[in-house]
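Trainee: Before I ask anything, let me first share the structure, which is written out below as structure tokens.
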Amino acid sequence: MHILNNKLLAEKLIDMDIERIYLGNLSTVEADISLPLTGENGTVFSWQSDDERRLSNTGKVYRPPFTGGNREVKLTLTATNGPVTKTKVYTANILEMEYPFTLVSAHDITVYTKPDTLPDLPLTVVAVNNLGEDTMMPVKWAEVSAQNIKTDGKFVVKGFLQNEVTVNATVVVTEDENLLNPTAEIKKQIDTYSIKDIRLTYGSGFFAQQQRVMEHFEKEDCDSYLYNFRAAAGIDTKGAQPMTGWDASECNLKGHTTGHFLSGLALCFGATGNMQIKEKLDYMVEELAKVQEAMAQQPQKFKEGFLSAYDESQFDLLEVYTVYPKIWAPYYTLHKIMAGLRDCYLYGDNRQALDILKKIGLWVYNRLSRLPKAQRDKMWSMYIAGEFGGINEVLADLYLITKDERYLTASRYFDNDKLYLQMKMGIDALGNIHANQHIPQIIGVLRQFEATGEKHRWDIANNFWNFVTADHIYSIGGVGETEMFRPKKQIAKYIGDKTAESCASYNMLKLTGELYKYNGSADYMHYYENTVTNHILSSGDISGSTGLSTYFMPSCPGGHKHFDNEENSCCHGTGYENHFKYGEYIYAKDKDSVIVNLFIPNRLNNGEDIMEIAADAEKNSFDMAIRVDKLSAKTLKVRKPMWASDAEIALDKQPIKPQEADGYYIFEIEKGIITFRFGCKPYLRSCIDDEKTASVCWGPYVLAAISDSREYITVDSADIKNIVHNGNCEFELGNIKFRPLNKISDEHYHLYIKLQ
């Protein structure tokens with residue numbers, strides 16, 4: 001019995017020590033990995049790499065050369081404590097080296113400044129390399145003479161880049177505000193409905209995914225999400241278990257998932273009205289207020305208003321340009337917390353959340369207002385360490401809510417010339433920059449435009465969306481390979497296991513929805529429908545109420561979805577939110593019409609508009625019915641889907657041919673049932689850089705071929721029309737079986753096939 005007890009104790013100690021191991025973000029490894037040799041409970045660790053050419057047994061990383069491809073290395077941990085030994089395998093994705101290009105030229109710029117004011121010259125400019133690609137490169141400018149800026153006029157400042165390439169900045173000295181800060185009279189034309197007024201209905205994959213995550217939330221322990229915050233403040237952790245992975249006590253990103261959890265609870269309550277979720281939300285906010293107050297009582301450690309799961313040291317280190325992984329994106333983590341509190345106020349009816357948020361916003365303002373712009377610019381240009389998520393968006397939201405100018409000023413402190421300059425110039429130099437580091441910044445820019453009307457902010461957001469959706473997306477709407485944008489018009493070249501990061505689509509959908517409000521173009525909703533149906537819905541675990549999501553969506557032959565329940569990654573966090581946002585853009589409204597954009601089964605009732613959508617895609621057509629019980633507008637517009645080969649439409653069972661305009665069917669109706677039968681045929685979405693590499697689609701769905709082969713499936717393009725729909729969204733072509741990606745769980749699949 002004594003031996004048995006010793007063994008049981010050793011097993012418990014090993015499990016505790018293994019759980020506390022954190023090796024950093026193994027999905028994108030660029031630096032050496034720190035491998036612990038002992039655990040806190042006496043466990044001894046040893047490590048074995050299956051490819052020491054790329055990752056040594058001591059954690060030394062040797063990145064492959066450019067074009068050598070990223071390499072997955074299996075790292076096996078052997079843990080021993082007394083009589084017990086256990087193993088665990090980690091997978092590290094070692095990134096290839098950045099490509100070695102030669103600069104050949106640079107795009108000249110124009111900068112405006114007031115008299116007696118030094119021009120704000122950017123730290124990076126758009127250059128052209130020997131491959132003909134635009135890329136952002138650092139520049140060193142010649143000194144500006146004080147005499148040149150005394151009066152109105154023009155002069156040129158020369159900048160110096162690598163390879164003896166130079167660039168000219170034409171500086172215009174003027175007092176004309178129309179030149180210094182031009183504005184644009186672009187106003188929102190579209191209103192959207194609150195998710196509180198929309199309830200998804202039983203029977204769709206969207207509803208099922210929403211229910212799974214809600215059930216997961218109902219089981220979650222709020223005190224675990226609060227553990228690191230309470231520990232940082234030095235108050236009782238209430239016996240809770242700390243979190244793991246990116247939220248482990250040892251991790252520099254801890255606290256970010258708590259922010260997503262707040263947003264998820266708020267969105268869940270808004271979308272479902274679940275009072276158990278509301279109780280959890282209120283508890284989380286109340287306890288975070290206590291943490292913020294406890295920190296305020298320790299002015300030697302925390303400045304007024306601060307709230308996080310760690311102290312202010314990471315922010316201090318960022319200001320002296322400390323690199324990742326010694327610090328890990330402190331403003332990114334703070335953004336998640338702030339966004340969660342904003343959402344608790346907006347969707348969770350919690351006023352205390354706004355009070356906490358305002359204090360954090362002033363902490364940000366007070367901290368950054370003492371830093372010169374050049375220092376901030378350098379901070380935000382740092383890889384990972386300087387990543388700040390969409391904190392500029394939340395601060396702009398705070399301004400729009402409170403009208404306190406300090407929040408808008410703080411939002412502008414996060415302006416990032418490395419991204420903004422290329423967008424203002426209308427140049428796509430996105431290749432090889434971190435995708436999801438920058439998409440949220442653009443959402444913030446658009447919110448700033450709403451607050452200020454500054455034309456350059458509209459241009460930045462509008463150009464960015466157009467560039468990304470035209471030249472950077474996979475068939476499912478997702479972007480990025482190993483988290484990075486690749487050079488424009490290069491998709492087939494970067495089909496792999498780590499494509500289409502879920503976070504990036506989460507943010508692209510936010511940006512798409514916000515842009516749509518300004519002009520109501522159906523093009524935004526075509527992209528939105530594709531991405532929400534084929535990436536976001538596909539990203540959630542459909543095996544049960546696990547709350548898990550994919551990080552990347554594999555696009556390679558034999559790809560397989562990975563759901564990690566320990567890592568607490570960024571995509572795990574946005575996955576907490578995604579499945580409660582389906583109602584956001586189903587409906588919209590302009591001055592004359594109620595608009596139906598998405599065909600997700602639901603009921604709408606805001607008192608003024610009462611209607612219901614039912615849809616069925618299990619047959620050889622996509623059938624939809626819209627029952628209108630009450631309509632506050634003159635007309636009802638229904639988006640005409642791009643995937644429909646034809647449409648049979650009836651009003652109260654009588655066939656009709658409605659008017660069409662700008663991608664919408666238009667109905668004059670006060671009450672009644674409109675039915676649609678959209679004809680569906682198999683069609684292809686080819687890669688922009690290789691028409692022979694394509695995804696097979698049917699209706700709104702991207703289909704994946706079920707196969708674990710690592711070689712591409714080859715199909716005669718003429719045979720695509722012969723794909724048979726067997727009902728229940730099962731398709732086949734000969735012996736090849738296809739299924740919508742959002743209905744695939746554990747199977748290996750091919751998102752792309754080769755055409756001959």
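Trainee: With θ set to phi - 60°, apply the Karplus curve 6.51 cos²θ - 1.76 cosθ + 1.60 along segment 40-56 and write out the HN-Hα couplings as whole Hz, x wherever there is a Gly or Pro.
Mentor: 3J(HN,Hα) across segment 40-56, in whole Hz: 5, 9, x, 6, 9, 10, 9, 10, 9, 8, 8, 8, 6, 5, 10, 8, 7.
Trainee: Same structure again: Could you tell me which residue out of Tyr62, Leu23, Leu8 lies farthest along the dipole of segment 2-94 toward its positive end? Charges go on the beta carbon: Lys and Arg +1, Asp and Glu -1, centred on the Cα centre.
Mentor: After comparing all options, I get Tyr62.
Trainee: Hey, which lysines would be in cross-link range of Lys681, C-alpha to C-alpha under 25 Å, not counting anything within fewer than 8 residues on its own chain?
Mentor: In chain and number order, the partners are Lys619, Lys637, Lys640, Lys653, Lys657, Lys692, Lys721, Lys737, Lys743, Lys754.
Trainee: Now for a separate question. Give a quick list of trypsin sites (Lys or Arg not before Pro) in segment 27-90 that DSSP marks as loop, anything other than H, G, I, E or B, with at most 12 other Cβ atoms within 10 Å.
Mentor: Values: sites: Arg53, Arg54, Lys60, Arg71, Lys74, Lys86, Lys88; in loops: Arg53, Arg54, Lys60.
Filter output for segment 27-90: Arg53.
Trainee: Whole Å is fine, so just give me how far the alpha carbon centre of segment 724-752 lies from that of segment 158-225.
Mentor: 33
Trainee: Extension gain Glu293-Asn565, at 0.36 nm per residue separation less the Cα-Cα distance, in nm?
Mentor: Working: separation 272, 0.36 × 272 = 97.92 nm, distance 3.24 nm.
Extending this stretch completely gives an extra 94.7 nm.
Trainee: Here's something else I'd like to know. Evaluate E = 1/(1 + (r/R0)^6) for Leu684 and Asn466, where r is the Cβ-Cβ distance and R0 equals 25 Å; express this FRET efficiency to the nearest 0.05.
Mentor: On the way: r = 23 Å, r/R0 = 0.93.
FRET efficiency, Leu684 to Asn466: 0.60.
Trainee: To continue, here is another question. Please go through the residue pairs Lys74/Lys254; Lys196/Lys581; Lys290/Lys581; Lys140/Lys418; Lys403/Lys581 and name each one whose alpha carbons sit more than 19 Å apart in this structure.
Mentor: Numbers: Lys74/Lys254 25 Å; Lys196/Lys581 11 Å; Lys290/Lys581 30 Å; Lys140/Lys418 14 Å; Lys403/Lys581 27 Å.
From Lys74/Lys254; Lys196/Lys581; Lys290/Lys581; Lys140/Lys418; Lys403/Lys581, over 19 Å: Lys74/Lys254; Lys290/Lys581; Lys403/Lys581.
Trainee: Within segment 172-214, which chymotrypsin sites (Phe, Trp or Tyr not before Pro) sit in a loop by DSSP and count at most 13 neighbouring Cβ atoms inside 10 Å? Write out the running numbers ahead of the final one.
Mentor: Working: sites: Tyr193, Tyr202, Phe206, Phe207; in loops: Tyr193, Tyr202.
Answer in residue order: Tyr202.
Trainee: Once fully extended, how much extra length lies between Asn606 and Glu220, figured as 0.36 nm per residue of separation less the alpha-carbon to alpha-carbon distance?
Mentor: Roughly 135.8 nm would be gained on extension.
Trainee: Same structure, new question: Just want to confirm a number: the relative contact order over segment 220-415, from Cα pairs under 8 angstrom separated by 6+ residues, in percent. Write down the numbers at each step before the final one.
Mentor: On the way: 306 pairs, mean separation 43.4, N = 196.
It rounds to 22 percent for segment 220-415.
Trainee: Filter the chymotrypsin sites (Phe, Trp or Tyr not before Pro) in segment 357-387 to those in DSSP coil with at most 15 other Cβ atoms within 10 Å of their Cβ, and list the result. If you can, show how the numbers build up before the last one.
Mentor: Details: sites: Trp363, Tyr365, Trp380, Tyr383; in loops: Tyr383.
Counting only loop positions with at most 15 other Cβ atoms within 10 Å, the chymotrypsin sites (Phe, Trp or Tyr not before Pro) in segment 357-387 are Tyr383.
Trainee: Over all directions, what mean area does the Cα convex hull of segment 682-755 project, stated in square nanometres?
Mentor: Details: hull surface 19.4 nm².
About 4.9 nm², averaged over all directions.
Trainee: OK, next. Determine, for Glu577, Glu177, the number of other Cβ atoms within 10 Å of each Cβ, and report the residues in order from fewest to most.
Mentor: Numbers: Glu577 23, Glu177 10.
Ordered by Cβ neighbours within 10 Å, fewest first: Glu177, Glu577.
Trainee: Another one. Please give, to one decimal in nm, the separation of the simple spin-label points placed at Asp716 and Ala625, each 7 Å out from Cα toward the Cβ.
Mentor: According to this spin-label approximation, the distance is 4.2 nm.
Trainee: Same structure again: What fraction, in whole percent, of alpha-carbon pairs in segment 358-442 exceed 17 Å separation?
Mentor: Values: 1740 of 3570 pairs.
Result for the distance tail: 49 percent.
Trainee: Say R0 is 22 Å: what FRET efficiency, to the nearest 0.05, do Gln300 and Asp236 get from their beta-carbon distance?
Mentor: Numbers: r = 21 Å, r/R0 = 0.95.
It comes to 0.55.
Trainee: Gln654 to Lys373: extension gain in nm, 0.36 nm per residue of separation minus the Cα-Cα distance?
Mentor: Taking 0.36 nm per residue and subtracting the Cα distance, the gain is 94.7 nm.
Trainee: Report the relative contact order of the chain, percent, no decimals, based on alpha-carbon pairs under 8 angstrom and at least 6 residues apart.
Mentor: On the way: 1608 pairs, mean separation 77.5, N = 756.
So the answer I get is 10 percent.
Trainee: To the nearest 0.05, what FRET efficiency results for Asp708 and Arg53 with a Förster distance of 22 Å applied to their C-beta separation?
Mentor: The formula returns an efficiency of 0.20 here.
Trainee: Would you mind giving the average projected area, over all directions, of the Cα convex hull of segment 220-415 in nm² with one decimal? Write down the numbers at each step before the final one.
Mentor: On the way: hull surface 41.6 nm².
Average projection, Cα convex hull of segment 220-415: 10.4 nm².
Trainee: With labels modelled as points extended 7 Å from the Cα through the Cβ direction, what inter-label distance (nm, one decimal) is found for Gln147 paired with Val172?
Mentor: 2.5
Trainee: Could you give the nm distance between label points at Ile427 and Gln211, where each point is 7 Å from its Cα heading toward the beta carbon?
Mentor: Label-label distance for Ile427 and Gln211, simple model: 5.3 nm.
Trainee: Moving to a separate point now. Averaged over every viewing direction, what's the projected area of the C-alpha convex hull for the chain? Give it in nm², one decimal, please. Don't skip to the end; give the middle numbers.
Mentor: On the way: hull surface 142.5 nm².
In nm², the orientation-averaged hull projection of the chain is 35.6.
Trainee: Oh, and also: Among DSSP beta bridges lying fully in the chain, give the percent that are antiparallel, nearest 5. Mind dumping the intermediate values first?
Mentor: Details: 108 of 120 bridges.
Of the beta bridges lying entirely in the chain, close to 90 percent run antiparallel.
Trainee: Quick check on packing: order 500-510, 105-115 by the mean number of other C-beta atoms within 10 Å, highest mean leading. Mind showing how you got there, number by number?
Mentor: Working: 500-510: 26.8, 105-115: 15.8.
Those peptides, ordered most packed to least, come out 500-510, 105-115.
Trainee: If you don't mind, another one. Rounded to the nearest 500 deg cm²/dmol, what is the calculated helix-only ellipticity per residue at 222 nm for the chain, with -39500 (n - 2.57) per DSSP H run of length n ≥ 4?
Mentor: Values: 18 runs with 237 residues, N = 756.
Helices in the chain give a 222 nm mean residue ellipticity of -10000 deg cm²/dmol.
Values in this text are rule-based calculations from the coordinates and carry no lab data. This one's a predicted model, so the numbers in the text were calculated from it and none came from an experiment. Please note: Cβ atoms are built from the backbone with ideal geometry, for glycine as well, and neighbour counts cover all protein chains shown.
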